[in-house]
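Trainee: Quick one: the structure is below, and I'll ask about it shortly.
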Amino acid sequence: MKLLKQIELGNLSLKNSMVMSAMTRSRADIRGVVGDMTVQYYHQRVSAGLIITEAINISEEATGSLLTPGIYTQEQIDAWKKVTKAVHDNGGIIIAQLWHTGRVGHSIDRNGKLPLAPSALPIKGMQHFTSQGLKDYETPGKLPGTKSNKR
Ligand SMILES: Cc1cc2nc3c(=O)[nH]c(=O)nc-3n(C[C@H](O)[C@H](O)[C@H](O)COP(=O)(O)O)c2cc1C
């Protein structure tokens, strides 16, 4: 079966054509550090040709949802190294999906800092799941490097 045959993807040689898509698990701790459960989760899926991780916050400012992992502190990086070691030691390939969540966040879980976005327009008609329950979206602050908050 073709699906189970080795395939070249760019400079990666995948042992099969099954690629695990990115799936947010919300299993990091409050500091965005992944633990043993995450090591086990990716280890269990190592038979895939390629694993794309859940989306990972690139900075505190990038953080949207509660308990999603980061990769910007040494503690977070060291925790991810346990995951990549478990995957690599068992013949797997894993790629980190990095994200900045823009206005999809809340100051409650960002040390009081407003979410950042290209435009100062809040999301309407939906609420954000925070550590203090569902909250209306706030008007985001301006992302560094963006020229205008007007549309
Ligand atoms: C629980 C859950 C978490 C997800 N988290 C992410 C994520 O972190 N990053 C991402 O790009 N897509 C995420 N997705 C989207 C899946 O990757 C997507 O559903 C998958 O690629 C299949 O695409 P389809 O739903 O269009 O068939 C998530 C989906 C689910 C169900």
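Trainee: What number of residues within region 55-75 are open to solvent by less than 40 Å² (accessible area, probe 1.4 Å), modelled with pLDDT of 95 or more and among the β-branched types (V, I, T)?
Mentor: The number of residues fulfilling the criteria is 2.
Trainee: For region 117-130, how many residues meet the condition of being touching a Pro at 6+ places or on another chain (Cβ under 7 Å) and open to solvent by less than 30 Å² (accessible area, probe 1.4 Å)?
Mentor: Within region 117-130, residues that are touching a Pro at 6+ places or on another chain (Cβ under 7 Å) and open to solvent by less than 30 Å² (accessible area, probe 1.4 Å) number 1.
Trainee: May I ask you to say which residue of G92, G112, G133, G141 is touching a strand residue (DSSP E or B) at 6+ places or on another chain (Cβ under 7 Å) and without any contact (Cβ under 8 Å) to a residue 40 or more places away in the chain?
Mentor: Being touching a strand residue (DSSP E or B) at 6+ places or on another chain (Cβ under 7 Å) and without any contact (Cβ under 8 Å) to a residue 40 or more places away in the chain holds for just one of G92, G112, G133, G141, which is G141.
Trainee: Name the residue, out of D29, D89, that is within 30 Å of P140 (Cβ to Cβ) and loosely packed, with under 14 Cβ neighbours inside 10 Å.
Mentor: It is D29.
Trainee: When you scan region 76-86, do you find a residue that is open to solvent by 40 Å² or more (accessible area, probe 1.4 Å), within 30 Å of Q132 (Cα to Cα) and within 13 Å of the ligand (Cβ to nearest atom), even just one?
Mentor: no
Trainee: Six or more apart or on different chains, Cβ under 6 Å: which pairs go from a residue in region 30-59 that's under 18 Å from D78 (Cβ atoms) to one that's of a type in the set (A, V, I, L, M, F, W, C) and open to solvent by 20 Å² or more (accessible area, probe 1.4 Å)? Could you list them?
Mentor: Note: pairs meeting the criteria are T53/A96; E54/A22; E54/M23; I56/I71; I56/A96; I56/L98; I58/L98.
Trainee: Restricting to strands (runs of 3 or more DSSP E) lying wholly in region 1-61: which have 2 or more residues that are within 16 Å of the ligand (Cβ to nearest atom)?
Mentor: Ranges flagged: 50-57.
Trainee: Answer yes or no: is there a residue in region 67-84 that is farther than 19 Å from R27 by Cα, under 17 Å from the mean Cα position of the chain (by Cα) and not acidic (D, E).
Mentor: Checked region 67-84: no residue is farther than 19 Å from R27 by Cα, under 17 Å from the mean Cα position of the chain (by Cα) and not acidic (D, E).
Trainee: What's the number of the condition D109 fails, among (1) within 14 Å of the ligand (Cβ to nearest atom); (2) touching a Gly at 6+ places or on another chain (Cβ under 9 Å)?
Mentor: Condition not satisfied by D109: (1).
Trainee: Taking L98 as the residue in question, decide whether it is at pLDDT below 95 and either within 16 Å of the ligand (Cβ to nearest atom) or open to solvent by 10 Å² or more (accessible area, probe 1.4 Å) (or both).
Mentor: Taking the combined requirement at face value, the residue does not satisfy it.
The values are calculated or read from the model by the stated rules, or taken from the named source; none is laboratory data. Being a predicted model, the structure only gives us computed values, none of them experimental. Note that each Cβ is placed from the backbone with ideal geometry, even for glycine, and that neighbours are counted across all protein chains shown. Keep in mind that these areas ignore ligands, DNA and RNA; they rest on the heavy atoms of the full protein, side chains included. Shrake-Rupley method; radii C 1.70, N 1.55, O 1.52, S 1.80 Å.
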